Structures are given as C-alpha cells and as structure tokens.
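The next block holds one structure in the form of structure tokens; read it before the comments.
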Amino acid sequence: MKHQAFVALAMGLSISTLSACAVLHERPGEANPTQAWAVVQKTASVEVLVRQSASPATLEAPRLGAVRITGSVAPDDAAEVDEIGNALAASLRASLKPPRDGAPTLNVTLSELTPVSPALNIASALLVFYPLDSGGATVEAELVDSAGERIALWRERLTGGLGLTGSLSRWVKVKNALIAWGEVCVTQPPWMPPVKSAAL
C-alpha cells in the first residue's frame, strides 16, 4: 500500500514538473508573424524577431514605456504579482541608459504567471531530496519606434530555476527570474548584435 502511494505521488510530481516546462504558447490572431521580420532566435521557449528594415542603431538605448501584467491570478496572489511587476519596472527604469532623441520605447508584458507550489516542493524534497517546482512566467518585450511601429520583439517563457532559494514561497523564484531577465534586457538584449571583445 505504501509502495502504491509512493508511486502515485512520484507520478504526480513528474507530471506537474513536465507541465511546467518552459514552452511558449502561440500568440492568437497574428497571421504570418515573420512577414517583414528577421528571425534572430526561435526555440520552444524563446522567440526573437527584428524588423528587417531596422538598423542596429535604431534598437539602442530605449526609453521605458509600459510594464503590463495580463491574465488572471488567484485573489490572494494579486498584490504580490503587482509588486513583481512594479519591481521589474523599477529595475528597468534604474538600469536603462538615458534615452537619446528618437530612441525607441521598450514595452514589457508579463503573462501566464505560475506560482510555485510550496506543498509540492516539500513533497519532492522528501521523495527526491530536491524541490522540483520552480514556477514561471511568459515575458514579452517589444521595441516601438517614434512612429509607433514595432521594430523588435522578444518573447520568452521563464522558469524560476532550481535550487532551495524561494522553494517555500509562491512568487520569490518567479520574481528573481524576471529581475534576472531585466538585467539581460538592459545589458545585452538578443535583438542587438553580440558585443565583440577587443583584440589583444
């Protein structure tokens, strides 16, 4: 009997972990999204597109526009999710360079926010000595030029990462993942060409 309960719990943990994999869902209602776009990156969890007519200079040093959260969360989570959005906006605002004249606008949308299950992490820690649930969120960053045209798009399904930190909190892992994403967005977003190291 104990063996059957153990197997059932292990299967449940495996299914829960697989269901939380970092996979992007298709955007509804967008016909032929790659038309007039260059595909910089396209995987199951990341999509980066740049308007073919956009030069690298037009993508630099954006000003922060809106940071939005879409979708629904449990009423008990609403305040903490709002705080996550505010923390990301504050981090981006503090880190972005002062915008130049004609700089593009960076808008960020958070969706499909999935909290960690502390109970699942306690159970997995007891079974496999490691918390398996990491939560996740889909983040979409767009650059819009001064004419209002979208010139770059970066969508990514983030997970909160493995490890003990935040395993017993519903949102700490998700918040940390988004702040880390924001640092990449400021320092080396994938719509910009890689920085070449100076020759020795």
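Odds and ends about this structure:
- For trypsin sites (Lys or Arg not before Pro), the sites in the stretch 60-127 that DSSP calls loop and that have at most 15 other Cβ atoms within 10 Å are Arg100.
- Accessible surface of the stretch 53-124, 1.4 Å probe, proportion on carbon and sulfur as whole %: 55 percent
- Contour excess over end-to-end distance, with Cα ends at Ala87 and Ser111 and 0.36 nm allotted per residue: 7.1 nm
- Using a probe of 1.4 Å, the accessible surface attributed to Ile122 totals some 90 Å² when neighbouring protein chains are kept in position.
- Largest to smallest accessible area among Asp77, Asp145 [probe 1.4 Å]: Asp145, Asp77
The values are calculated or read from the model by the stated rules, or taken from the named source; none is laboratory data. A quick note: this is a predicted structure, and the numbers were derived from the prediction, not measured. With ideal geometry, Cβ positions are generated from the backbone for all residues, glycine too; neighbour counts draw on all protein chains shown. The area values use the complete protein model at the heavy-atom level, side chains included, leaving out ligands, DNA and RNA. Shrake-Rupley method; radii C 1.70, N 1.55, O 1.52, S 1.80 Å.
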